[in-house]
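Below is one structure, written out as structure tokens, with a few remarks after it.
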Amino acid sequence: MRQHPAYHVTPRAAARKLNQNESPWDLPAELKREVLARWEALPWNRYPELVPHHLVARIAARAGWVPEGTIVGCGSNDLLMGALLATVEAGAPVVAPVPSFGLYHIVTELLGGRHVGVPLTERFAYDVDALLAAARREGAGVLILCAPNNPTGTPLPADAVARALAETEALVFCDEAYLEFGGGSALPLLPAHPRLVIFRTFSKALGLAGLRLGYALGHPALMAELAKARLPYNVNALTVAAVEAALDHEELLAERVRLVAAERERLTTALGALPGLETWPSLANFVLVRARGRGAELFRRLHAEHGILVRDVSTQPLLADCLRITVGTPDDTEALVDALRRILGGTR
């Protein structure tokens, strides 16, 4: 285990934090006060519910699924790790696209499994034929698909999940952490496919990254097995209160998602117009940028000279000189583009 790298984000202070795909807006103050009032009314000396049934029922209804097939956890990462813990044995292959969310590889290897990465195309599109061929060739028990993909923003082809279920014997884990910002969902396939599990989170679109709540959707019998791998009381009372309150005011949060999607298009256009930068279409709340030969320099100078923190993803496969930039406010966009213009127009 010691030889495996950990999931790591170096803490850095920054005036503009565009590195972790968070919402650019905190919850409104009045909504925070409502959450704290709900929390204050609860007994802090008691454990929370082992399963917050009322919240699970609300989440299931919101998603259009059944409560018996819905489980919640401390972020979708927690649930994904539990699902892999329940399904991956020593030496077992897990097929996933690369580049993609690094935790797939890390957790698979920590559990003694074998991560089989299937490269995206040069334009970061999914190679569905290659993914399914790898799953069949390896006899994979699990195939992970990220839709839209992180860190590329790549959409999953409309027929990809259906093909995976029809053409392989694998459990198909579909990570939909960025679903609200664009792209289709695999949810319509759930009723007929007991090998499908969908993972979602309230960290991104609902702006609750600091409170950590995710959920997974699947057939009740499968979810009952996956739930065995969760630690008890893995969702605290404050998080339950906050998510309940957020769902009571979802129209406000939905409007914020629309604003982020619009700002993403403006950011992509502005970045693509700068000399030496290459961008790709994204359906998430971030944009991938390549600055050939200058990626590390841009990352360093944006932070050191302009107080703007982005994510350096250049060590991942196919991503040399690439940065992932979270969509922020319009003011964040203006500051970022101005800073990049100054750096790219100056000397190294």
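The values are calculated or read from the model by the stated rules, or taken from the named source; none is laboratory data. Note that the structure is a prediction, hence the values are computed from the model and not measured. Note that we place each Cβ from the backbone using ideal geometry, even for glycine, and neighbour counts take in every protein chain shown. Note: areas computed on protein heavy atoms with side chains; ligands, DNA, RNA excluded. Shrake-Rupley method; radii C 1.70, N 1.55, O 1.52, S 1.80 Å.
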Next item on the list: Residue by residue through region 127-148, note down the ones that are farther than 14 Å from residue 92 by Cα, open to solvent by 10 Å² or more (accessible area, probe 1.4 Å) and assigned to a loop (DSSP other than H, G, I, E, B).
Entry: 127
Notebook entry, point to check: Across region 184-199, what is the total count of residues that are open to solvent by less than 10 Å² (accessible area, probe 1.4 Å) and either within 11 Å of the chain's Cα centre (by Cα) or without any contact (Cβ under 8 Å) to a residue 24 or more places away in the chain (or both)?
Noted result: 1
Next item on the list: Identify, by number, the condition in (1) under 22 Å from residue 155 (Cα atoms); (2) in a helix (DSSP H, G or I); (3) open to solvent by 30 Å² or more (accessible area, probe 1.4 Å) that residue 305 doesn't meet.
Entry: (1)
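Determine which member of the set 181, 202 is surrounded by fewer than 23 Cβ atoms within 10 Å (Cβ to Cβ) and of a type in the set (Phe, Trp, Tyr).
Details: 202 fails: surrounded by fewer than 23 Cβ atoms within 10 Å (Cβ to Cβ).
Only one candidate passes the filter, namely 181.
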Notebook entry, point to check: In region 205-220, which residues are within 20 Å of residue 28 (Cβ to Cβ) and either open to solvent by less than 40 Å² (accessible area, probe 1.4 Å) or touching a Pro at 6+ places or on another chain (Cβ under 8 Å) (or both)?
Noted result: 205, 206, 207, 208, 209, 213
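Yes/no matrix, rows are residues, columns are (1) open to solvent by 20 Å² or more (accessible area, probe 1.4 Å); (2) out of contact with any Gly (no Cβ under 7 Å at 6 or more places or on another chain); (3) of a type in the set (S, T, N, Q):
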residue	(1), (2), (3)
33	yes, yes, no
40	yes, yes, no
49	yes, yes, no
59	no, yes, no
66	yes, yes, no
70	no, yes, yes
73	no, no, no
101	yes, yes, no
108	no, yes, yes
Notebook entry, point to check: Within the bounds of region 221-238, is there any residue that is open to solvent by less than 50 Å² (accessible area, probe 1.4 Å) and outside any helix (DSSP H, G or I)?
Noted result: yes
Checklist line | Index of the failed condition, residue 91 passing every other in (1) assigned to a helix (DSSP H, G or I); (2) open to solvent by 30 Å² or more (accessible area, probe 1.4 Å); (3) small (Gly, Ala, Ser) | finding: (1)
Notebook entry, point to check: Out of (1) surrounded by fewer than 24 Cβ atoms within 10 Å (Cβ to Cβ); (2) part of a loop (DSSP other than H, G, I, E, B), the odd one out for residue 151 is which?
Noted result: (1)
Next item on the list: Consider only pairs whose beta carbons are under 7 Å apart and that are at least six residues apart or on different chains; among these, list those whose first residue lies in region 142-159 and is under 11 Å from residue 128 (Cβ atoms) and whose second residue is open to solvent by 10 Å² or more (accessible area, probe 1.4 Å) and aromatic (Phe, Trp, Tyr).
Entry: 156/126; 157/126
Check: Within the group 298, 253, which residue is open to solvent by less than 20 Å² (accessible area, probe 1.4 Å), at pLDDT below 95 and either assigned to a helix (DSSP H, G or I) or touching a strand residue (DSSP E or B) at 6+ places or on another chain (Cβ under 7 Å) (or both)?
Finding: 253
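Any idea how many residues of region 160-179 are free of Cβ contacts under 8 Å to residues at least 40 places away in the same chain and over 13 Å from the mean Cα position of the chain (by Cα)?
Qualifying residue count, region 160-179: 11.
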Item checked: Unmet criterion (only one of (1) among the small types (Gly, Ala, Ser); (2) in a loop (DSSP other than H, G, I, E, B); (3) in contact with a helix residue (DSSP H, G or I) (Cβ under 6 Å, 6 or more places away or on another chain)) for residue 82 -> (2)
Margin query: Against the definition (within 29 Å of residue 326 (Cβ to Cβ) and not β-branched (Val, Ile, Thr)), how does residue 84 come out, yes or no?
Written below: yes
